[in-house]
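All remarks here apply to the structure that follows.
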Amino acid sequence: MKSIRGATTVASDQPNEIRQAVKELLWEIAAKNQLKQDDIAFILFSNTADIRSLYPAKAAREAGFIMPALYSSAEPEIEGALPLCIRVLLLADGEGKGVPVYLREASRLRKDKFARFNVALDGPAGSGKSTIAKLLAAQYDILYLDTGAMYRACALKALRCEVSLDDARAVETLMEHTCLDIRYEGGKQATYLDGEDVSSQIRTPEVAGAASAVAAHACVRKKMVEMQRSIAAKQSCVLDGRDIGTEVLPHADFKFFLTASSAVRAKRRCEDLKAMGLAADFEEVKKQIEERDYRDAHRDISPLRQAEDACLIDTSDLSVDEVLLRIHAKIQEKI
Ligand code: DC
(Lines give C-alpha, C1' and ligand atoms only; values in the text may rest on other atoms or scores of the structure.)
Protein backbone atom coordinates (compact mmCIF):
# COMPACT_ATOMS: atom_id res chain seq x y z
CA MET A 1 0.00 0.00 0.00
CA LYS A 2 1.11 3.56 -0.52
CA SER A 3 -0.35 6.74 0.86
CA ILE A 4 -0.78 9.81 -1.28
CA ARG A 5 -1.55 13.26 -0.03
CA GLY A 6 -3.06 16.25 -1.69
CA ALA A 7 -5.08 19.40 -1.21
CA THR A 8 -7.01 22.00 -3.12
CA THR A 9 -9.12 25.06 -2.43
CA VAL A 10 -12.45 26.48 -3.56
CA ALA A 11 -13.23 30.14 -4.21
CA SER A 12 -16.47 29.94 -2.20
CA ASP A 13 -18.53 27.46 -0.21
CA GLN A 14 -20.79 26.36 -3.11
CA PRO A 15 -21.66 22.69 -3.82
CA ASN A 16 -20.75 23.05 -7.49
CA GLU A 17 -17.38 24.54 -6.67
CA ILE A 18 -16.67 21.73 -4.20
CA ARG A 19 -17.73 19.07 -6.72
CA GLN A 20 -15.47 20.56 -9.39
CA ALA A 21 -12.47 20.99 -7.06
CA VAL A 22 -12.73 17.46 -5.60
CA LYS A 23 -13.07 15.87 -9.04
CA GLU A 24 -10.10 17.82 -10.38
CA LEU A 25 -7.99 16.86 -7.35
CA LEU A 26 -8.80 13.14 -7.47
CA TRP A 27 -8.31 12.89 -11.22
CA GLU A 28 -4.98 14.66 -10.96
CA ILE A 29 -3.85 12.32 -8.16
CA ALA A 30 -4.96 9.29 -10.20
CA ALA A 31 -3.15 10.57 -13.31
CA LYS A 32 0.08 11.53 -11.52
CA ASN A 33 0.18 8.18 -9.70
CA GLN A 34 -1.13 6.09 -12.60
CA LEU A 35 -3.99 4.73 -10.52
CA LYS A 36 -7.14 3.04 -11.67
CA GLN A 37 -10.20 3.32 -9.45
CA ASP A 38 -9.94 -0.20 -8.11
CA ASP A 39 -6.33 0.47 -7.02
CA ILE A 40 -7.69 2.94 -4.46
CA ALA A 41 -8.76 1.40 -1.16
CA PHE A 42 -9.61 4.42 0.89
CA ILE A 43 -9.98 8.19 0.52
CA LEU A 44 -9.99 10.35 3.62
CA PHE A 45 -10.93 14.03 3.30
CA SER A 46 -10.72 16.84 5.75
CA ASN A 47 -11.91 20.35 5.05
CA THR A 48 -11.59 23.67 6.80
CA ALA A 49 -14.59 24.65 8.92
CA ASP A 50 -15.65 27.32 6.40
CA ILE A 51 -16.76 24.56 3.99
CA ARG A 52 -20.28 23.51 5.00
CA SER A 53 -22.39 23.15 1.87
CA LEU A 54 -21.18 19.70 0.71
CA TYR A 55 -19.05 16.91 2.18
CA PRO A 56 -16.02 16.36 -0.08
CA ALA A 57 -16.64 12.59 0.31
CA LYS A 58 -20.10 13.01 -1.19
CA ALA A 59 -18.60 15.12 -3.99
CA ALA A 60 -16.15 12.27 -4.68
CA ARG A 61 -19.00 9.74 -4.95
CA GLU A 62 -20.83 12.07 -7.29
CA ALA A 63 -17.64 12.39 -9.35
CA GLY A 64 -17.75 8.62 -9.89
CA PHE A 65 -15.43 7.30 -7.18
CA ILE A 66 -17.71 4.37 -6.34
CA MET A 67 -15.23 1.66 -5.29
CA PRO A 68 -13.08 3.19 -2.54
CA ALA A 69 -14.23 3.72 1.03
CA LEU A 70 -14.72 7.46 1.59
CA TYR A 71 -14.67 9.53 4.71
CA SER A 72 -14.93 13.29 5.40
CA SER A 73 -14.27 15.29 8.52
CA ALA A 74 -14.21 18.99 9.32
CA GLU A 75 -11.08 20.54 10.79
CA PRO A 76 -11.25 22.85 13.79
CA GLU A 77 -11.05 26.57 13.08
CA ILE A 78 -7.39 27.49 13.24
CA GLU A 79 -6.21 31.04 12.99
CA GLY A 80 -4.04 31.67 9.95
CA ALA A 81 -5.08 28.40 8.23
CA LEU A 82 -5.52 28.55 4.46
CA PRO A 83 -9.28 29.21 4.02
CA LEU A 84 -11.73 27.07 1.99
CA CYS A 85 -9.25 24.21 1.81
CA ILE A 86 -9.90 20.51 1.17
CA ARG A 87 -7.20 18.01 2.07
CA VAL A 88 -7.07 14.39 1.07
CA LEU A 89 -5.21 11.24 2.07
CA LEU A 90 -5.55 8.35 -0.31
CA LEU A 91 -4.49 4.74 0.31
CA ALA A 92 -3.78 2.80 -2.86
CA ASP A 93 -2.17 -0.42 -4.06
CA GLY A 94 1.49 -0.17 -4.92
CA GLU A 95 4.93 0.34 -3.48
CA GLY A 96 7.07 3.37 -2.85
CA LYS A 97 6.24 6.99 -2.41
CA GLY A 98 3.08 8.44 -3.87
CA VAL A 99 3.23 11.66 -5.88
CA PRO A 100 1.47 14.36 -3.82
CA VAL A 101 -0.81 16.79 -5.60
CA TYR A 102 -1.46 20.31 -4.34
CA LEU A 103 -3.69 22.41 -6.56
CA ARG A 104 -4.89 25.99 -6.69
CA GLU A 105 -4.10 28.03 -3.55
CA ALA A 106 -3.15 24.83 -1.72
CA SER A 107 0.11 24.71 -3.68
CA ARG A 108 1.27 27.33 -1.16
CA LEU A 109 1.10 24.63 1.52
CA ARG A 110 3.92 22.68 -0.08
CA LYS A 111 6.52 25.15 -1.29
CA ASP A 112 9.06 22.39 -0.82
CA LYS A 113 7.32 20.52 -3.64
CA PHE A 114 6.52 23.37 -5.95
CA ALA A 115 9.10 26.06 -5.42
CA ARG A 116 12.73 25.70 -6.40
CA PHE A 117 15.09 25.98 -3.46
CA ASN A 118 18.69 25.26 -2.60
CA VAL A 119 20.25 24.14 0.63
CA ALA A 120 23.93 24.93 1.31
CA LEU A 121 25.56 22.58 3.79
CA ASP A 122 29.14 23.49 4.64
CA GLY A 123 31.59 22.29 7.23
CA PRO A 124 34.87 20.48 7.83
CA ALA A 125 35.57 16.83 7.01
CA GLY A 126 33.59 14.40 9.16
CA SER A 127 31.09 16.97 10.44
CA GLY A 128 28.29 14.80 9.06
CA LYS A 129 27.57 16.92 5.98
CA SER A 130 27.30 14.16 3.42
CA THR A 131 25.18 11.84 5.59
CA ILE A 132 22.79 14.67 6.39
CA ALA A 133 22.78 16.07 2.84
CA LYS A 134 21.89 12.67 1.35
CA LEU A 135 19.02 12.11 3.79
CA LEU A 136 17.72 15.64 3.42
CA ALA A 137 17.74 15.41 -0.37
CA ALA A 138 15.92 12.05 -0.22
CA GLN A 139 13.28 13.42 2.15
CA TYR A 140 12.56 16.43 -0.05
CA ASP A 141 13.02 14.33 -3.17
CA ILE A 142 15.58 16.75 -4.60
CA LEU A 143 19.10 16.39 -5.96
CA TYR A 144 22.17 15.95 -3.76
CA LEU A 145 25.44 17.34 -5.09
CA ASP A 146 28.58 16.23 -3.28
CA THR A 147 31.00 18.99 -4.34
CA GLY A 148 33.91 17.39 -2.48
CA ALA A 149 33.70 14.48 -4.95
CA MET A 150 34.49 16.92 -7.76
CA TYR A 151 37.67 18.18 -6.08
CA ARG A 152 38.58 14.60 -5.24
CA ALA A 153 38.27 13.62 -8.92
CA CYS A 154 40.62 16.48 -9.92
CA ALA A 155 43.05 15.28 -7.25
CA LEU A 156 42.88 11.70 -8.53
CA LYS A 157 43.81 12.93 -11.99
CA ALA A 158 46.77 14.90 -10.57
CA LEU A 159 47.95 11.85 -8.59
CA ARG A 160 47.63 9.57 -11.61
CA CYS A 161 49.52 12.02 -13.83
CA GLU A 162 52.10 12.60 -11.07
CA VAL A 163 51.62 16.34 -11.25
CA SER A 164 52.96 18.30 -8.28
CA LEU A 165 49.90 19.35 -6.27
CA ASP A 166 51.43 22.70 -5.34
CA ASP A 167 52.42 23.65 -8.88
CA ALA A 168 49.62 26.01 -10.01
CA ARG A 169 50.77 26.12 -13.66
CA ALA A 170 51.01 22.35 -13.96
CA VAL A 171 47.60 21.88 -12.29
CA GLU A 172 46.08 24.47 -14.64
CA THR A 173 47.43 22.67 -17.72
CA LEU A 174 46.15 19.40 -16.31
CA MET A 175 42.69 20.91 -15.78
CA GLU A 176 42.56 21.98 -19.43
CA HIS A 177 42.87 18.30 -20.34
CA THR A 178 40.45 16.98 -17.75
CA CYS A 179 36.86 16.10 -18.41
CA LEU A 180 34.76 15.90 -15.26
CA ASP A 181 31.17 14.79 -15.40
CA ILE A 182 28.56 14.33 -12.69
CA ARG A 183 25.83 11.85 -13.51
CA TYR A 184 22.95 10.46 -11.49
CA GLU A 185 22.59 6.70 -11.71
CA GLY A 186 19.82 5.00 -9.74
CA GLY A 187 19.32 8.25 -7.83
CA LYS A 188 22.99 8.33 -6.74
CA GLN A 189 25.74 10.68 -7.81
CA ALA A 190 28.41 9.09 -9.96
CA THR A 191 31.61 11.05 -10.59
CA TYR A 192 33.20 10.48 -13.99
CA LEU A 193 36.77 11.45 -14.75
CA ASP A 194 37.66 11.43 -18.45
CA GLY A 195 34.80 9.01 -19.08
CA GLU A 196 35.65 6.63 -16.21
CA ASP A 197 33.42 6.20 -13.16
CA VAL A 198 35.81 7.00 -10.27
CA SER A 199 33.15 7.26 -7.52
CA SER A 200 34.86 4.66 -5.32
CA GLN A 201 38.50 5.40 -6.23
CA ILE A 202 38.16 8.97 -4.88
CA ARG A 203 37.26 7.82 -1.37
CA THR A 204 40.76 7.08 -0.08
CA PRO A 205 42.60 9.25 2.50
CA GLU A 206 45.36 9.84 -0.06
CA VAL A 207 42.87 11.36 -2.52
CA ALA A 208 41.20 13.36 0.29
CA GLY A 209 44.51 14.97 1.21
CA ALA A 210 45.35 15.67 -2.43
CA ALA A 211 41.85 17.15 -2.98
CA SER A 212 42.47 19.67 -0.25
CA ALA A 213 45.72 20.68 -1.97
CA VAL A 214 44.36 20.99 -5.54
CA ALA A 215 41.23 22.77 -4.24
CA ALA A 216 43.46 25.70 -3.24
CA HIS A 217 44.17 26.59 -6.90
CA ALA A 218 42.06 29.30 -8.54
CA CYS A 219 41.89 27.44 -11.87
CA VAL A 220 40.40 24.36 -10.20
CA ARG A 221 37.90 26.30 -8.10
CA LYS A 222 36.73 28.39 -11.05
CA LYS A 223 35.92 25.29 -13.09
CA MET A 224 34.23 23.46 -10.20
CA VAL A 225 32.19 26.46 -9.03
CA GLU A 226 30.88 27.05 -12.59
CA MET A 227 29.75 23.42 -12.83
CA GLN A 228 28.16 23.53 -9.37
CA ARG A 229 26.24 26.74 -10.10
CA SER A 230 25.00 25.41 -13.39
CA ILE A 231 23.69 22.18 -11.76
CA ALA A 232 22.06 24.15 -8.91
CA ALA A 233 20.41 26.60 -11.32
CA LYS A 234 18.38 23.83 -12.95
CA GLN A 235 16.68 22.25 -9.95
CA SER A 236 16.17 22.20 -6.21
CA CYS A 237 19.17 20.65 -4.55
CA VAL A 238 21.27 20.18 -1.46
CA LEU A 239 24.96 20.95 -2.00
CA ASP A 240 27.58 20.05 0.54
CA GLY A 241 31.09 21.46 0.61
CA ARG A 242 33.25 24.16 2.14
CA ASP A 243 32.27 27.31 0.25
CA ILE A 244 28.67 26.70 -0.84
CA GLY A 245 27.10 29.33 1.41
CA THR A 246 29.91 31.86 0.96
CA GLU A 247 30.89 31.51 -2.70
CA VAL A 248 28.98 29.00 -4.82
CA LEU A 249 25.45 30.00 -3.77
CA PRO A 250 25.70 33.11 -1.59
CA HIS A 251 21.94 33.54 -2.06
CA ALA A 252 21.02 29.95 -1.18
CA ASP A 253 17.58 29.73 0.43
CA PHE A 254 18.93 27.79 3.40
CA LYS A 255 22.45 27.69 4.78
CA PHE A 256 23.81 25.40 7.46
CA PHE A 257 27.31 25.04 8.81
CA LEU A 258 27.97 21.73 10.51
CA THR A 259 30.87 21.21 12.81
CA ALA A 260 32.08 18.73 15.45
CA SER A 261 35.19 18.23 17.55
CA SER A 262 38.14 16.78 15.64
CA ALA A 263 38.08 13.66 17.86
CA VAL A 264 34.44 12.94 16.98
CA ARG A 265 35.09 13.62 13.31
CA ALA A 266 38.15 11.35 13.29
CA LYS A 267 36.12 8.58 14.96
CA ARG A 268 33.42 8.89 12.28
CA ARG A 269 36.02 8.87 9.49
CA CYS A 270 37.65 5.72 10.97
CA GLU A 271 34.26 4.00 10.95
CA ASP A 272 33.71 5.01 7.29
CA LEU A 273 37.15 3.72 6.32
CA LYS A 274 36.64 0.43 8.17
CA ALA A 275 33.25 0.00 6.46
CA MET A 276 35.07 0.36 3.12
CA GLY A 277 37.54 -2.33 4.20
CA LEU A 278 40.40 0.18 4.57
CA ALA A 279 42.84 0.37 7.48
CA ALA A 280 42.21 3.20 9.93
CA ASP A 281 44.41 4.35 12.79
CA PHE A 282 42.54 6.86 14.97
CA GLU A 283 45.52 9.12 15.79
CA GLU A 284 46.68 9.14 12.17
CA VAL A 285 43.17 9.90 10.85
CA LYS A 286 42.75 12.69 13.43
CA LYS A 287 46.06 14.24 12.40
CA GLN A 288 45.10 14.07 8.70
CA ILE A 289 41.73 15.67 9.40
CA GLU A 290 43.30 18.50 11.40
CA GLU A 291 45.86 19.16 8.67
CA ARG A 292 43.13 19.16 6.03
CA ASP A 293 40.95 21.53 8.08
CA TYR A 294 43.88 23.89 8.49
CA ARG A 295 44.65 23.89 4.75
CA ASP A 296 40.97 24.27 3.78
CA ALA A 297 40.44 27.10 6.26
CA HIS A 298 43.64 29.00 5.49
CA ARG A 299 43.81 28.97 1.70
CA ASP A 300 43.54 32.35 -0.07
CA ILE A 301 40.54 31.57 -2.26
CA SER A 302 37.14 30.64 -0.78
CA PRO A 303 38.45 29.15 2.45
CA LEU A 304 36.27 26.95 4.64
CA ARG A 305 34.21 29.50 6.54
CA GLN A 306 30.74 29.78 8.02
CA ALA A 307 28.58 32.22 6.02
CA GLU A 308 27.27 35.02 8.23
CA ASP A 309 23.68 33.98 7.58
CA ALA A 310 24.30 30.23 8.02
CA CYS A 311 22.84 28.33 10.95
CA LEU A 312 25.62 26.67 12.98
CA ILE A 313 25.03 23.13 14.23
CA ASP A 314 27.59 21.34 16.37
CA THR A 315 26.94 17.67 15.65
CA SER A 316 29.44 16.28 18.22
CA ASP A 317 26.76 15.07 20.62
CA LEU A 318 23.81 14.83 18.26
CA SER A 319 22.44 11.81 16.46
CA VAL A 320 21.79 11.96 12.72
CA ASP A 321 18.04 12.21 13.43
CA GLU A 322 18.57 15.10 15.83
CA VAL A 323 20.59 17.05 13.27
CA LEU A 324 17.97 16.36 10.60
CA LEU A 325 15.19 17.53 12.92
CA ARG A 326 16.95 20.85 13.54
CA ILE A 327 17.51 21.40 9.84
CA HIS A 328 13.91 20.48 9.00
CA ALA A 329 12.60 22.84 11.64
CA LYS A 330 14.59 25.73 10.12
CA ILE A 331 13.48 24.90 6.58
CA GLN A 332 9.82 24.50 7.52
CA GLU A 333 9.91 27.80 9.44
CA LYS A 334 10.64 29.66 6.22
CA ILE A 335 9.26 27.56 3.43
O1 DC B 1 34.05 16.97 1.52
P2 DC B 1 35.28 16.15 1.06
O3 DC B 1 36.03 15.54 2.17
O4 DC B 1 34.88 15.17 0.02
O5 DC B 1 36.22 17.24 0.33
C6 DC B 1 37.52 16.94 -0.13
C7 DC B 1 38.34 18.21 -0.24
O8 DC B 1 37.84 19.02 -1.30
C9 DC B 1 38.30 19.12 0.99
O10 DC B 1 39.35 18.83 1.89
C11 DC B 1 38.43 20.50 0.44
C12 DC B 1 37.91 20.40 -0.95
N13 DC B 1 36.58 21.02 -1.13
C14 DC B 1 36.55 22.38 -1.33
O15 DC B 1 37.58 23.04 -1.29
N16 DC B 1 35.36 22.98 -1.59
C17 DC B 1 34.22 22.28 -1.60
N18 DC B 1 33.06 22.90 -1.89
C19 DC B 1 34.23 20.88 -1.35
C20 DC B 1 35.44 20.28 -1.09
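Below is a table of values for the structure above.
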quantity: Hits in the stretch 1-34 - residues which are among the aliphatic types (A, V, I, L, M), closer than 20 Å to Ala69 by Cβ and surrounded by fewer than 20 Cβ atoms within 10 Å (Cβ to Cβ); calculated: Met1, Ala30
quantity: Single condition His177 does not satisfy, out of (1) within 30 Å of Phe282 (Cα to Cα); (2) surrounded by fewer than 17 Cβ atoms within 10 Å (Cβ to Cβ); calculated: (1)
quantity: Residues located in the stretch 47-72, provided they are touching a Pro at 6+ places or on another chain (Cβ under 7 Å) and either outside any loop (DSSP other than H, G, I, E, B) or of a type in the set (Lys, Arg) (or both); calculated: Asn47, Ser72
quantity: The stretch 1-37, residues that are among the charged types (D, E, K, R), touching a residue at least 24 places away in the same chain (Cβ under 8 Å), farther than 14 Å from Val88 by Cα and not in a helix (DSSP H, G or I); calculated: Asp13
quantity: Where a residue in the stretch 308-321 is aliphatic (A, V, I, L, M) and its partner, wherever it lies, is part of a loop (DSSP other than H, G, I, E, B), with Cβ under 8 Å and at least six apart; calculated: Leu312/Gln306; Val320/Gly128
quantity: Qualifying residue in the stretch 182-196 (condition: of a type in the set (Lys, Arg) and more than 27 Å from Lys274 (Cβ to Cβ)); calculated: yes
quantity: Tally of residues being out of contact with any helix residue (DSSP H, G or I) (no Cβ under 7 Å at 6 or more places or on another chain) and within 18 Å of Leu54 (Cβ to Cβ) across the stretch 24-41; calculated: 3
quantity: Gly148 vs. criteria surrounded by 14 or more Cβ atoms within 10 Å (Cβ to Cβ), within 16 Å of the ligand (Cβ to nearest atom) and at positive phi; calculated: no
quantity: Filter result (within 13 Å of the ligand (Cβ to nearest atom) and assigned to a helix (DSSP H, G or I)) within the stretch 237-265; calculated: Ile244, Gly245, Thr246, Glu247, Val248, Arg265
quantity: Options Leu89, Leu82, Leu109, Leu44; residue that is assigned to a loop (DSSP other than H, G, I, E, B), in contact (Cβ under 8 Å) with a residue 40 or more places away in the chain and either hydrophobic (A, V, I, L, M, F, W, C) or farther than 30 Å from Gln228 by Cβ (or both); calculated: Leu82
quantity: Count of the stretch 281-308 residues which are outside any helix (DSSP H, G or I) and surrounded by 13 or more Cβ atoms within 10 Å (Cβ to Cβ); calculated: 8
quantity: Boolean, Glu172 is of a type in the set (Asp, Glu), within 15 Å of the ligand (Cβ to nearest atom), out of contact with any strand residue (DSSP E or B) (no Cβ under 8 Å at 6 or more places or on another chain) and modelled with pLDDT of 95 or more; calculated: no
quantity: Condition met for Gln332 (over 12 Å from Asp122 (Cα atoms) and within 12 Å of the ligand (Cβ to nearest atom)); calculated: no
quantity: Residue list for the stretch 210-229, restricted to those being part of a helix (DSSP H, G or I), more than 8 Å from the ligand (Cβ to nearest atom), more than 20 Å from Tyr144 (Cα to Cα) and not β-branched (Val, Ile, Thr); calculated: Ala210, Ala213, Ala218, Cys219, Lys222
quantity: Glu284 being touching a helix residue (DSSP H, G or I) at 6+ places or on another chain (Cβ under 8 Å) and farther than 24 Å from Val238 by Cα; calculated: no
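The values are calculated or read from the model by the stated rules, or taken from the named source; none is laboratory data. As the structure is a prediction and not an experimental result, all values here were calculated from the model. Quick reminder, even Gly has a Cβ in these numbers, built from the backbone with ideal geometry, and neighbours come from all protein chains shown.
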